[in-house]
Amino acid sequence: MNKGLVISRQNFIRKSLALPLAVAAVPACTGTEKPGGAFRLLDHPRHKRDFSDVRSRKVVFLAHCIPNMNARMHACANVFPACVKPVIQLCLDSEVGIVQMPCPELMVVGLGRDRDEPEVEYLRQALEQPLAVERFRALAAQVVFQMQEYRFQGFRMIAVVGSDGSPSCGVDRTAWPDPARRFAEGQGVFIRELKAQMSQAGINLPFKGIEDEKIEETVAWLAEQIGKAGV
């Protein structure tokens, strides 16, 4: 066996054994409140807490690709290589926490946006299939659950920012399986489901769809929403 490989493995084992000791030496918030205490799995907000530490208690909900451009469909990341920096920077400067919503398309048709099961001409057609809509409902439910928790605990939820032109996350404009109006007014499949579930939960937040070529418009809008929230 290669001597260098053996040494490498030995170093890896030593580091692995040392890791628990290093972690134990760092103070951590374990979630244990008192001896005999227990945490419960919840399906609705239940325990009001005092979040008077240094957190800002302000959050904005962003489409997955805004903080992570890598999740976009091939040939669709033409401006920002990693994230939409102006939006992220605004949140950092304003001390607003970022809640990254799931990428519906990645979770339904994969990062490669596969087209063969069943094969359809347009991505929107695939996303409108019953199984895809069912998955979207589950993903939207996860986001709404978070919203309910933040609302219950007294956090300020600023807005929801989608991705205009997307067949899943478009807010004002979306892609349609119709060559005559390839991109037109309308909502993406995920945003449609998210809004429906938010309405059922009595949650009303402003929505805006981001466009890479009109990024200043979105940043100005979000800054205005942050200002209205008293941030």
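The values are calculated or read from the model by the stated rules, or taken from the named source; none is laboratory data. Just so it is clear, the structure is predicted and the values come from calculations on it, not from any experiment. Quick reminder, even Gly has a Cβ in these numbers, built from the backbone with ideal geometry, and neighbours come from all protein chains shown.
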Which residues, taken from the range 194-204, are hydrophobic (A, V, I, L, M, F, W, C) and surrounded by fewer than 16 Cβ atoms within 10 Å (Cβ to Cβ)? ALA196, ALA201
Considering residues of the range 164-193 that are among the hydrophobic types (A, V, I, L, M, F, W, C) and surrounded by fewer than 17 Cβ atoms within 10 Å (Cβ to Cβ) only, the residue modelled with the highest pLDDT: ALA184
Counting only residues that are modelled with pLDDT under 80 and within 22 Å of PHE207 (Cβ to Cβ), the range 42-70 contains a total of 1
Within the range 109-118, how many residues are surrounded by 13 or more Cβ atoms within 10 Å (Cβ to Cβ) and either part of a loop (DSSP other than H, G, I, E, B) or modelled with pLDDT under 80 (or both)? 3
For VAL219, are the conditions met, namely being within 21 Å of the chain's Cα centre (by Cα), at pLDDT 90 or above, aliphatic (A, V, I, L, M) and surrounded by 19 or more Cβ atoms within 10 Å (Cβ to Cβ)? no
Residues that are farther than 20 Å from ARG151 by Cβ and touching a residue at least 12 places away in the same chain (Cβ under 8 Å), drawn from the range 209-231: GLY209, ILE210, GLU211, ASP212, GLU213, ILE215, GLU216, THR218, VAL219, TRP221, ALA223
